[in-house]
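Colleague: Below is a structure I'd like to ask you about.
Quick note: the coordinates plus some simple rules give every number you see, no bench work behind them. These numbers come from a predicted model, not from an experiment. With ideal geometry, Cβ positions are generated from the backbone for all residues, glycine too; neighbour counts draw on all protein chains shown.
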């Protein structure tokens with residue numbers, strides 16, 4: 001099966017965004033886990049903020065995928 005240049009670009013873009021989405025989700029879950037494990041309030045706050053920021057990044061990637069389709 002042959003794809004034209006635009007189709008190939010869309011497939012590759014979707015793959016890169018999907019990979020980034022998966023990596024970001026893993027990082028977010030790690031931050032949530034570290035937040036639960038931490039005892040120092042400053043450390044807990046740091047990881048909670050990081051997880052929230054990564055959640056926003058995931059939303060950005062999800063919008064990127066929906067824009068490709």
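Colleague: Tell me yes or no: at least one residue of the range 25-46 is surrounded by 12 or more Cβ atoms within 10 Å (Cβ to Cβ) and either within 30 Å of residue 6 (Cα to Cα) or in contact with a strand residue (DSSP E or B) (Cβ under 8 Å, 6 or more places away or on another chain) (or both).
Modeller: Checking the range 25-46: at least one residue is surrounded by 12 or more Cβ atoms within 10 Å (Cβ to Cβ) and either within 30 Å of residue 6 (Cα to Cα) or in contact with a strand residue (DSSP E or B) (Cβ under 8 Å, 6 or more places away or on another chain) (or both).
Colleague: While we're looking at this one, here's another question. Would you check which residues across the range 31-67 are touching a helix residue (DSSP H, G or I) at 6+ places or on another chain (Cβ under 6 Å), assigned to a helix (DSSP H, G or I) and farther than 12 Å from residue 21 by Cβ and list them?
Modeller: Matches in the range 31-67: 31, 32, 34, 35, 44, 47, 48, 50, 51.
Colleague: Output the residues belonging to the range 1-22 that are surrounded by 13 or more Cβ atoms within 10 Å (Cβ to Cβ) and closer than 14 Å to residue 55 by Cα. Show your work before the answer.
Modeller: We begin by selecting, within the range 1-22, every residue surrounded by 13 or more Cβ atoms within 10 Å (Cβ to Cβ); these are 10, 13-14, 17-18, 20-21.
Residues satisfying the conditions are 20, 21.
Colleague: Tell me which residues, restricted to the range 17-28, are in contact with a helix residue (DSSP H, G or I) (Cβ under 8 Å, 6 or more places away or on another chain) and either in contact (Cβ under 8 Å) with a residue 40 or more places away in the chain or farther than 20 Å from residue 67 by Cβ (or both).
Modeller: Within the range 17-28, 17, 18, 20, 21, 27, 28 qualify.
Colleague: Looking at 14, 7 in this structure, which one is in a helix (DSSP H, G or I) and either over 18 Å from the mean Cα position of the chain (by Cα) or without any contact (Cβ under 8 Å) to a residue 24 or more places away in the chain (or both)?
Modeller: On the way: 14 fails: either over 18 Å from the mean Cα position of the chain (by Cα) or without any contact (Cβ under 8 Å) to a residue 24 or more places away in the chain (or both).
Answer to the selection: 7.
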